[in-house]
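Novice: Here it is: the structure, laid out below.
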Amino acid sequence: MADIVALVGNPNVGKTSLFNALTGSRQYVANWPGVTVSRKEGIRRWRGREIKFVDLPGIYSLGALSLDEKITREYIINEAPEVVVVVVDALNMEQGLYLLLEVLEMRENVMLVVNAIDEARKRGVYINKYELEKHFGVHTVLTSAVTGEGVTELLDKILHMLTSKQVHSLVEITYPEEVEDKINKIVEIIRKKKELHSYKPRWLAVKFLEGDAQVLELLKSCGIEDEISQEEHEKYRSLIASRRYEYIETVMKEAVSSKMEKMSFSEAIDHVMTHRFLGIPIFLSFMYLAFKFTFDVMAPFSELIDSGMAALGDWLRNVMGDGWATSLVVDGVIGGVGGVLVFVPNIFGMFLALGFMEEFGYLPRAAFVVDRLMYKLKLSGRSFMSLILGFGCNVPAIMSTRGIGDPRERLITILVSPFITCSARLPVYLLLVGALFRGKEAAMIFIIYLSSMVLTALSSILWNKILFKGEPVPLIMELPRYRLPTLKNLMLYVWDRGKHFLEKAGSIILIASILIWILGYFPNAGDINTSFAAHMGKALEPIFRPLGFNWKMVTALIFGMAAKEVVVSTFSMLYGFSDEAAAALHQAIAADFTPVTALAFIFFVMAYIPCFATIAAIASESGSWKWAWWSVLYSLSVAYVLALIIVVVGGMIA
Amino acid sequence: MIESFLISILGGGYAALGIIYIATGNILWGFLTLTLSAVYFFGFEKVLGSGKEHKASHILTGGIFALIASGFLIIEWLVSLLSEPVKPTTVDWWFLGVSVVAFLGFLFARKKFV
Ligand SMILES: Nc1nc2c(ncn2[C@@H]2O[C@H](COP(=O)(O)OP(=O)(O)OP(=O)(O)O)[C@@H](O)[C@H]2O)c(=O)[nH]1
Ligand SMILES: [Mg+2]
């Protein structure tokens, strides 16, 4: 059995970065609070001993509120890891040391890590770790997860704690007399209860006084009733908190020397980025640049892949001759999978832009800027942050809602997040926009994305009206420091996300492509208009006739339910069955669509049924399949109505 | 003194370029350029007591933006060489010119912060 070491600390202090450095894993790291939402484990062998590290969601204090905070609290209470490492940020230690004091009250064998020491040094902040060790009675290590400084020392110290039998960390702070009296009395009572022997009595007593819901319940189950009034709990809580801060302040005076008197770089930039009036146009500019990058800059690379695929197809056709096998490989696999792979550069570009925003620290600023707007939608900026993540993929966006404290707001955010255009829908837009709106691609894509955000906003108003009444919880979020992303981190980010897309291409898209090929080729050996696929599409076509979709589009929509990229695979097969070169795909599509139907189709794809993975995520995160089915039904109706409006209005204009 | 001078030059310069972009049909880039101009002009607003530091923060941020935007223009040209080359227009050249000044402003403002 490996010994277990848990990493806890405030959000965004670098726990996961440190965890990655310690274990060689590649867990998700980004510059905003609340990235890690579930427990992650990794093993490190060190000097012949196995140590299991556990990375946990960030937490401000042990009085847990949101779901991710509960995960952490419950872990350190119930799982009793051998060592708890409290990680604090070198440039923002107070809040972290507060947590340290709480953990120290709760258990033994605690260590302190002061991370991001590289940034502190750059700013002329010096930290004396011996002072920290003296005042908190814990081993202390200064680390930088980015440069790797202090990681070896940390491992050695952990090993030392694991091997030596003595109990570490013995400092206890004393509260004002009236609190101590009360604590002592409660401790007396708690000592008598056998069931509570696994807890530190003093910790239970302090939590009891603070009015911690979970501890109150625990004690109640052992027959200890809460006879203290709400106001008194409030009073104790503030007495206890101010004593802790007082203590921390004295320690900080001894341990930290700083030459900071000027405004910091981050503050200076924030003056503009979070400006009342400038904030919004700046956010839009960033978005526009991101799309320009995704489309214009990446386009030539897409074309390169496109012509590569076409050449490969031609070559295979020559080598293999005519026949169904050739058609399977060339039309089915190369057409279907290759048709999607063409957009790999765009998708990587998109992730590069998103990764930059996340690592730079812009995301929480954007949330802050739109918080006032969001308030009108009865949501907070925190939801907005989750939604932006959905531009990459809706699944992590839905996961990240665990950081939203208010359950009502969390549910609404989960329900509306599928409307945010994820990267899987990008190939569909790009294909149609490329075919019908030549020369205006970046602008069109930008508008489509904006519409997807407006749709999300309108939806949340609607859900709010239908489901809930109530006021949103105002956004309280710490803005992280701006950080220039390291090339390595950025590349890892892009690769981890992009890889997922490639894996999809090799699995679900490949299978879907072969299936579509079979349905498109048989029964009449390649006569697409009498194929099974045609029957299928034509059967449903009447429903979509008001929208002007033909059977090929309908078939594409059906297959696109598995993963939205498959819409593109279907198109490249149904429009590419005649062995023309890939460039002809655009022409074939342009012949079948008008700009209005193309737009209607794009909006339909934007809104209709989330992919399977997203539906599953909605079910698991909202806690019931009911919501998942609602979401399917709702998005289908919205998609239909939206497309209809576009066709009608477009018809009037054209 | 230097702060106000830089803000006037850069804010004015980008405003003019933004209007020209929009007039020539490049609406989105025009919007971008006007935003850039606004970043400078809002530096005159006195929210923070210390006017000088406040202005410097706008010059700093404007410089970063200008750098990113110019980077985009240049990358776009370079990449377009691979397929259909895009010719930079006169306004684009002016944009780059003003951005050089913006970058110098950035270097100047950088020293005021840690
Ligand atoms: N310069 C510097 N940056 C760091 C260091 N450690 C972490 N970072 C950066 O800090 C940010 C947050 O890192 P994470 O590891 O995601 O932080 P976390 O504590 O796991 O955050 P949550 O999961 O949200 O609680 C990222 O942008 C990291 O690149 C460090 O030692 N030095
Ligand atoms: Mg983390």
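The values are calculated or read from the model by the stated rules, or taken from the named source; none is laboratory data. Keep in mind that this is a model prediction, so the values were computed, not measured. Cβ coordinates were reconstructed from backbone atoms using ideal geometry, including for glycine residues, and neighbour counts include every protein chain displayed. In case anyone asks, the SASA skips ligands and DNA or RNA and just uses the protein heavy atoms, side chains included. Shrake-Rupley method; radii C 1.70, N 1.55, O 1.52, S 1.80 Å.
Novice: Can you tell me which of (1) in a helix (DSSP H, G or I); (2) of a type outside the set (Gly, Ala, Ser); (3) more than 13 Å from every other protein chain (Cβ to nearest Cβ) is the one A:ILE280 doesn't meet?
Specialist: Here A:ILE280 clears every test but (3).
Novice: On to the next question. Could you look through the stretch B:48-63, keep only residues that are modelled with pLDDT under 85 and more than 9 Å from chain A (Cβ to nearest Cβ), and pick out the one that is nearest to the chain's Cα centre (by Cα)?
Specialist: B:LYS55
Novice: For the stretch A:9-38, how many residues are near ligand 1 (Cβ under 6 Å from one of its atoms), polar (S, T, N, Q) and assigned to a loop (DSSP other than H, G, I, E, B)?
Specialist: 3
Novice: A follow-up question, please. Does A:SER38 count as surrounded by fewer than 21 Cβ atoms within 10 Å (Cβ to Cβ), under 17 Å from A:ASN489 (Cβ atoms) and within 12 Å of ligand 2 (Cβ to nearest atom)?
Specialist: no
Novice: Would you confirm whether any residue within the stretch A:62-74 is open to solvent by 10 Å² or more (accessible area, probe 1.4 Å), modelled with pLDDT of 90 or more and assigned by TED's automatic domain parsing to the domain that holds A:ILE158?
Specialist: no
Novice: A further question follows. Tell me, which helices (runs of 4 or more DSSP H) lie completely within the stretch A:443-546 with 3 or more residues that are over 24 Å from the mean Cα position of the chain (by Cα) and in contact (Cβ under 8 Å) with a residue 40 or more places away in the chain?
Specialist: Helices (runs of 4 or more DSSP H) meeting the threshold: A:508-521.
Novice: Applying the selection to the stretch A:538-567, what residues are farther than 16 Å from A:THR597 by Cα and among the hydrophobic types (A, V, I, L, M, F, W, C)?
Specialist: Scanning the stretch A:538-567 gives A:ALA539, A:LEU540, A:ILE558, A:PHE559, A:MET561, A:ALA562, A:ALA563, A:VAL566.
Novice: For the condition farther than 22 Å from A:ASN394 by Cα, open to solvent by less than 60 Å² (accessible area, probe 1.4 Å) and out of contact with any His (no Cβ under 6 Å at 6 or more places or on another chain), what is the one hit in A:VAL605, A:VAL632, A:VAL647?
Specialist: When all the criteria are applied, what remains is A:VAL647.
Novice: Same structure again: With A:SER242, A:SER266 as the choices, which residue is among the hydroxyl-bearing types (Ser, Thr, Tyr), on the phi < 0 side of the Ramachandran plot, part of a helix (DSSP H, G or I) and within 14 Å of chain B (Cβ to nearest Cβ)?
Specialist: A:SER266
Novice: If you scan the stretch A:16-29, which residues turn out to be within 11 Å of ligand 2 (Cβ to nearest atom) and open to solvent by 10 Å² or more (accessible area, probe 1.4 Å)? Give the steps one after another, and end with the answer.
Specialist: Step one: of the stretch A:16-29, the residues within 11 Å of ligand 2 (Cβ to nearest atom) are A:16-20, A:27-29.
A:THR16, A:SER17, A:ASN20, A:GLN27, A:TYR28, A:VAL29, listed by residue number.
Novice: Among what's in the stretch A:530-563 and is over 24 Å from A:ILE509 (Cβ atoms) and not small (Gly, Ala, Ser), pick the residue that is least open to solvent (accessible area, probe 1.4 Å).
Specialist: The first filter runs over the stretch A:530-563 and keeps only residues over 24 Å from A:ILE509 (Cβ atoms), leaving A:530, A:538-539, A:541-543, A:545-548.
After this cut, where a residue has to be not small (Gly, Ala, Ser) as well, the list is A:530, A:538, A:541-543, A:545-547.
Details: A:THR530: 52, A:LYS538: 87, A:GLU541: 35, A:PRO542: 73, A:ILE543: 92, A:ARG545: 142, A:PRO546: 69, A:LEU547: 0 Å².
Checked the stretch A:530-563; the qualifying residue least open to solvent (accessible area, probe 1.4 Å) is A:LEU547.
Novice: Ok, one more. Taking A:LEU56 as the residue in question, decide whether it is away from ligand 2 (no atom under 12 Å from the Cβ), open to solvent by less than 30 Å² (accessible area, probe 1.4 Å) and away from chain B (no Cβ under 14 Å). Break it down into steps so the answer makes sense when it comes.
Specialist: Details: away from ligand 2 (no atom under 12 Å from the Cβ): no; open to solvent by less than 30 Å² (accessible area, probe 1.4 Å): yes; away from chain B (no Cβ under 14 Å): yes.
When the stated conditions are applied, A:LEU56 does not pass them.
Novice: Quick one: would you say B:ALA66 is away from every other protein chain (no Cβ under 11 Å), surrounded by 15 or more Cβ atoms within 10 Å (Cβ to Cβ) and of a type in the set (A, V, I, L, M, F, W, C)?
Specialist: Judged against the criteria, B:ALA66 is a match.
Novice: So which residues in the stretch B:13-36 are assigned to a helix (DSSP H, G or I), more than 10 Å from chain A (Cβ to nearest Cβ) and open to solvent by less than 60 Å² (accessible area, probe 1.4 Å)?
Specialist: Across the stretch B:13-36, the qualifying residues are B:GLY13, B:TYR14, B:ALA15, B:ALA16, B:LEU17, B:GLY18, B:TYR21, B:GLY30.
Novice: I've got another one for you. Among the residues of the stretch B:74-84, are any at pLDDT below 90, more than 26 Å from A:MET263 (Cβ to Cβ) and within 14 Å of the chain's Cα centre (by Cα)?
Specialist: So far as the stretch B:74-84 goes, no, none of its residues is at pLDDT below 90, more than 26 Å from A:MET263 (Cβ to Cβ) and within 14 Å of the chain's Cα centre (by Cα).
Novice: Something else: Have a look at A:LYS207, A:LYS194, A:LYS235, A:LYS185 and point out the one that is surrounded by 18 or more Cβ atoms within 10 Å (Cβ to Cβ), on the phi < 0 side of the Ramachandran plot and not assigned by TED's automatic domain parsing to the domain that holds A:GLN95.
Specialist: Matching residue, one of A:LYS207, A:LYS194, A:LYS235, A:LYS185: A:LYS207.
Novice: Just one of the numbered conditions (1) more than 29 Å from A:LEU431 (Cα to Cα); (2) open to solvent by less than 20 Å² (accessible area, probe 1.4 Å) is not true of A:ARG372; which one?
Specialist: (2)
Novice: Same structure again: Give me the pairs: first residue in the stretch A:6-32 and without any contact (Cβ under 8 Å) to a residue 60 or more places away in the chain, second residue within 9 Å of ligand 1 (Cβ to nearest atom) and assigned to a strand (DSSP E or B), beta-carbon distance under 9 Å, and six or more apart or on different chains, which are they?
Specialist: Cβ pairs passing all conditions: A:THR16/A:LEU7; A:THR16/A:ASP55; A:PHE19/A:LEU7; A:PHE19/A:ASP55; A:THR23/A:ASP55; A:SER25/A:ASP55; A:GLN27/A:ASP55.
Novice: Kindly establish whether A:SER285 is out of contact with any His (no Cβ under 8 Å at 6 or more places or on another chain), surrounded by 15 or more Cβ atoms within 10 Å (Cβ to Cβ) and farther than 22 Å from A:HIS586 by Cα.
Specialist: In short, yes.
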